[in-house]
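A short worksheet on the structure shown next.
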Amino acid sequence: MTKTLLPAGCLVFQLIFALSADANDLEAFVKFPSRASLVRTRNAQGAENIAWLETVGGVTNVWLASEEDAWRALQVTHFDVDDASDISNLQFLPDVRGRELLLLFVRKPHSDTNPYHYASPSAAPSGTFVAGAAGGALQISHEGAASVSPDGLALLIVRDATACPVTHPALCVGVTSSVWAQPIVLPTVGSPLQQGDMEATFLFGVKQGSISGLTWRPSPTPVNPATDLSVIAFANDRGDHGFVGIFQYAGSGAPSPSTQRVTWVSPSVDTDSQPVWSPDGARLAWMRLRVPPADDGFSPNDGNEGNRGPDFGIMVVDVVVAPSLDGEGDGHAMAPLKIFNSRQVFLDETYGLSSFGYGSRPLSWVGSRHLLFSTEALSGWLHAAVVHVEPSPPPPSPSARRPAVRFAVKELRTGSCEDRAWAVGPPILVGSPATQHAWVYLASNCQCLDSRGVERVLVRLPSEGPGDGSVTVVRVETLVVADAYTVSGMSDQGDGMVVGPSHFTFLQSTWNSPVAVKVKKSSSNTTDTGSWSALGAPSFVLKAASSPPVSPKYPTITVTNDTISSPVFKPSLFAQPVPIEFPSADGKFTLHGQLFMPPEAHQASAQNATFPGVVYTHGGSERQVFAAFHYSGVYAQQYAVNQWLAAHGLVVLSVNYRSGVGFGPAFRLCADCMWHGGAEYPDVRQAAILLGNRTRLLASMAAPPASWVAEEVPPVDPARIGIWGISYGGLNALQAVTRNSDLFAASVSIAGIFNWVSQSRYVTDTGLTRTDGVRSPVFSGQGLGFHSLRSGPEPHLAGPQWLAHVQRNLKVMWESSPVAHASGIRSPLLLIQGDADEEVDFQELVGVVRALRAQGKRAAEKPCDGLESSCATENDLEVMVFPDEAHGLATYEHQLESLKATLEFFQKHLISSTKRNRLQKNRASRRIE
């Protein structure tokens, strides 16, 4: 059934109701292809090639498409067993010797889990692999490559202290993390690839913390690997501080003390990370996460703003490598490395570093003298900005004081919206004398807060010489139009868009189509606005004075095919959700959600029937969910589950509660949220109240409801409303059943937090993380979410007031937790978790069981809290435990098992047997019709 709603705001849609064909088939909803990790290259003939990762039923494979082959999608690898493994680090190998186009990737087990209980770790293929268009995957190392050399001749492998080879034990003495180089032996076209590991050579190690972020210095001239200097930047996280270092060694042979050196770059008490070289190799930039200032117990980064990250600076140094600079070096043994002019080019002390809620790249070069990053400090909303890394000339001043050094910074646009991801196009030279320009591609919700569209911004980079170095925004254009039912340009790791000289490739999902790979031919001409198809929409111009409409000159090509990738998936079973907007209970925010209605909804008025309802809350909490498939595979599955629950007769309301992303820093950094008061939970409660009030629900529809819409929205029985969620959503589900069992008749919590105090101790008492064994930051300034909570003071607070600080922190964390209200549980509860959960301690689930067991003993003596009805006991609790499983469950088989249990639980407690039989009868009659 299809009916059309008139446009309203960012909404232009048809309300489409699902077919009621076999809704009992869970896999028809959740076995869809999930795609991510776009990469691109041009082959020797100049043709564009793209690759991506595609996951179906828990199994991930590599796919490839080429301009030469009319963008036909080709499956490159053929893994067919869900062994709880992930694929990462997908990249094209450099085409430097005329060999065939090859892809490199790393496959390894998810976290440290072993959900299938393999007797040996080697039971699942893991390590570094190479694959070509001919198909198949050749394992070239049993370890995961952290980086590939620019010439494609070597892998860099990071090993912790437990992975030291038995042949070189002395190299690992006192070393916590080390880097090794392994040759890649890949012949030219026509010759077979070589199987197995080559022996790796030790390069360097550190005695504290872990190594990450390995990046090779670009060389402006061709490199001779036998003689030339290799320069590698890296980050060394040491827990409460961290450094950026540069390692250099000459030649491709085994390094020796005379041919290698590690130099620490501008070390400080802060945490340095994410080093990135300028394209010409003359500068190195990195992020500096700053230690918070001293205060009276709750630092600014750990006060009433649970999601506030640390203050951050952007650092830059100049780097010169010369064969015989200042008479030193002989061009081979050790060319001197000159690092100078360290400077901070930007500082954000306003809102701190956002974790982005998936999807953003924190630091990128635009040319070799400008850096692209995102900040909320300039306009109060998260936007892309460009900073010139050379100081601006000081303004004239009669004062004798030395003027402060200034660096020109410019937001690419303003507005009450957020830039969530970006990609930088190749440089463009325009005019005479030539002026460098660049296109910056932004995935944002600036067209529609409830979605993601893609715009591109043309920036002109100033020439060297007089001036402050500010970029000029020439034009802003809409590339991919957004409405409430499309999400474009996004991916978990910020790789949802790639840009080449001739093509723009992006990921896009809709309400009934999971993430697809799409290609659009482009032109780098700065005046050719007609080179992009934008579905006939006008240009999206914010700062440019005017711009002509974008004509559909080049169509968008959908590369992927869901039917081929997963024949089981049935998008015809999906119903179009309805966007909802409603005020929070305290009136501070407008909350956004999505309403999923059952196929039988249109029969409700005629039969005077009511439906059970369910509130869904996402995890994170720095997330945003949509009326479309999410770009993250995890949340895409939860979207499909909401569709599945609706197909079984449940009206589902998904809510974006405060402390999430997409709606500005006041929403994300809400006062008294998370472990500082749980102020986000009332938004969840408000969603349940709205769901049970049909009149208010109709009034909350983002588009004005016509008379027929009112007929289609079913009344929900307020006595039969449940809630479900995973991770932070599981926490909300526990908050609901402990605080408001009068409102929530059933609750499903998957890997939810029960007690913020014990969850804090999960990491901070030992100073170790569960995932890598490396010392984890325990002070709040790192902004590492659950793993940075503290119940004790930071070092500068270890004085006479220490105990008062601890008591205050513990009291707030306790009162913000479901455990503080456990005596209020009077509704049935289903708990699901893996006991190898790397994010939420398994003891959180144990704590719920212990609380209900204690209440079971008290219930025989008197009602809970003086209420007429007794509180819940263990008899009202169902528990599913998955041995050796990860957070959210790593294997598809276990995910299906938990989801089926969720529906059965809601059927038991929200849908009576009479109601369930009538729903099944209605489905059968509609199939006959």
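The values are calculated or read from the model by the stated rules, or taken from the named source; none is laboratory data. Quick caveat: nothing in here was measured; it's all calculated off a predicted structure. Note that each Cβ is placed from the backbone with ideal geometry, even for glycine, and that neighbours are counted across all protein chains shown. The accessibility values were calculated without ligands, DNA or RNA, using every heavy atom of the protein model including side chains. Shrake-Rupley method; radii C 1.70, N 1.55, O 1.52, S 1.80 Å.
Here are the numbers:
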{"read-out": "Under the Karplus curve 6.51 cos²θ - 1.76 cosθ + 1.60, θ = phi - 60°, whole-Hz ³J(HN,Hα) for the stretch 277-283, x wherever Gly or Pro sits", "value": "7, 5, x, 8, x, 8, 9"}
{"read-out": "Amide H contacts under 5 Å for V748, placed H, 5+ residues apart", "value": "I723, W724, G725, L830"}
{"read-out": "Per-peptide average of other Cβ atoms within 10 Å, ordering 128-135, 594-601 highest first", "value": "594-601, 128-135"}
{"read-out": "Separation of alpha-carbon centers, the stretch 42-83 and the stretch 727-756, rounded to whole Å", "value": "41"}
{"read-out": "Potential lengthening between K900 and T563 on full extension [0.36 nm per residue; Cα-Cα distance subtracted]", "value": "118.9 nm"}
{"read-out": "Net charge of neighbours whose Cβ lies under 12 Å from the Cβ of V684, counting Lys and Arg as +1 and Asp and Glu as -1", "value": "+1"}
{"read-out": "Calculated from backbone phi, Karplus (6.51, -1.76, 1.60) coupling profile of the stretch 622-639 in Hz, x at Gly/Pro", "value": "6, 9, 9, 10, 10, 8, 7, 4, 6, 6, 8, x, 5, 6, 5, 5, 5, 4"}
{"read-out": "Burial order of peptide ranges 677-688, 893-904 (average beta-carbon count within 10 Å, highest first)", "value": "677-688, 893-904"}
{"read-out": "Dipole magnitude of the stretch 27-96, debye to nearest 20 (Cβ charges: Lys/Arg +1, Asp/Glu -1, about Cα centre)", "value": "200"}
{"read-out": "Hz values of 3J(HN,Hα) by residue in the stretch 716-723 - Karplus curve (6.51, -1.76, 1.60), Gly and Pro given as x", "value": "9, 6, x, 8, 10, 10, x, 8"}
{"read-out": "Chain lengthening between E464 and E68 when straightened (0.36 nm per residue, less Cα-Cα)", "value": "138.6 nm"}
{"read-out": "Full-stretch length increase - H142, V879 - with 0.36 nm per residue and alpha-carbon distance subtracted", "value": "261.5 nm"}
{"read-out": "Peptides 376-383, 32-39 ordered by average Cβ neighbours within 10 Å, highest first", "value": "32-39, 376-383"}
{"read-out": "Residue-count net charge about G888 - beta-carbon cut-off 11 Å; Lys, Arg +1, Asp, Glu -1", "value": "-4"}
{"read-out": "Average accessible area per residue (Å²) across the stretch 570-706 - probe 1.4 Å, nucleic acids and ligands excluded", "value": "23"}
{"read-out": "Gap separating the Cα centres of the stretch 451-481 and the stretch 606-640, nearest whole Å", "value": "36"}
{"read-out": "V320 versus V173: modelled label distance in nm, points set 7 Å from Cα along the beta carbon direction", "value": "4.0"}
